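In what follows, a structure is listed as structure tokens, so that the remarks can point back to it.
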Amino acid sequence: LEPDLVALAEALPDEYDPHYRLAWLRSSMGQPQAALAPAQRAAALSYGPRKVRVLMLLARIQGELGDPAAAHATWRAVQATLARLNPHERPPGAATTARAALGG
């Protein structure tokens, strides 16, 4: 699956989804360092409710890499993105997860 996602991300460099899926796969396989760049790319390309999910993945990856400052900033970006969305657009549980990650 990973080679297919790499090829798809290369074929569709301006689409967030292949980068997100590649980051998720690598993170799930215990490869946070390899997941970081595609997660960052997906975060730069995504918008709206999708951006929340992408940022949440990025924050978890940053935490796994031992970068609490980056993870904290990304969780703050999750909160800011949620605040810009209409209530019906907010992914269920995202606000609670972000608050918990920030210690509140």
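The values are calculated or read from the model by the stated rules, or taken from the named source; none is laboratory data. Quick caveat: nothing in here was measured; it's all calculated off a predicted structure. Cβ: placed from backbone, ideal geometry, glycine included. Neighbour counts: every protein chain shown. SASA here: full protein model, heavy atoms, side chains in, ligands and nucleic acids out. Shrake-Rupley method; radii C 1.70, N 1.55, O 1.52, S 1.80 Å.
Summed over the stretch 86-98, the residues that are in contact (Cβ under 8 Å) with a residue 12 or more places away in the chain and open to solvent by 20 Å² or more (accessible area, probe 1.4 Å) give a count of 4.
Just name the residue that is surrounded by the fewest Cβ atoms within 10 Å (Cβ to Cβ) out of those in the stretch 73-85 that are under 9 Å from Ala98 (Cβ atoms) and not polar (S, T, N, Q). For the stretch 73-85, the residue satisfying everything is Arg76. When Gln40 is tested against the conditions (1) under 23 Å from Gln79 (Cα atoms); (2) polar (S, T, N, Q); (3) out of contact with any helix residue (DSSP H, G or I) (no Cβ under 8 Å at 6 or more places or on another chain), the lone failure is (3). For first residues located in the stretch 19-44 and modelled with pLDDT of 95 or more, partners that are not in a helix (DSSP H, G or I) and lie 6+ apart or on another chain with Cβ distances below 8 Å form the pairs Tyr20/Ser46; Leu25/Leu1; Pro32/Leu65; Gln33/Leu65; Leu36/Leu65. Exactly one residue out of Ala37, Ala70 is open to solvent by 40 Å² or more (accessible area, probe 1.4 Å), among the aliphatic types (A, V, I, L, M) and assigned to a helix (DSSP H, G or I): that is Ala37.
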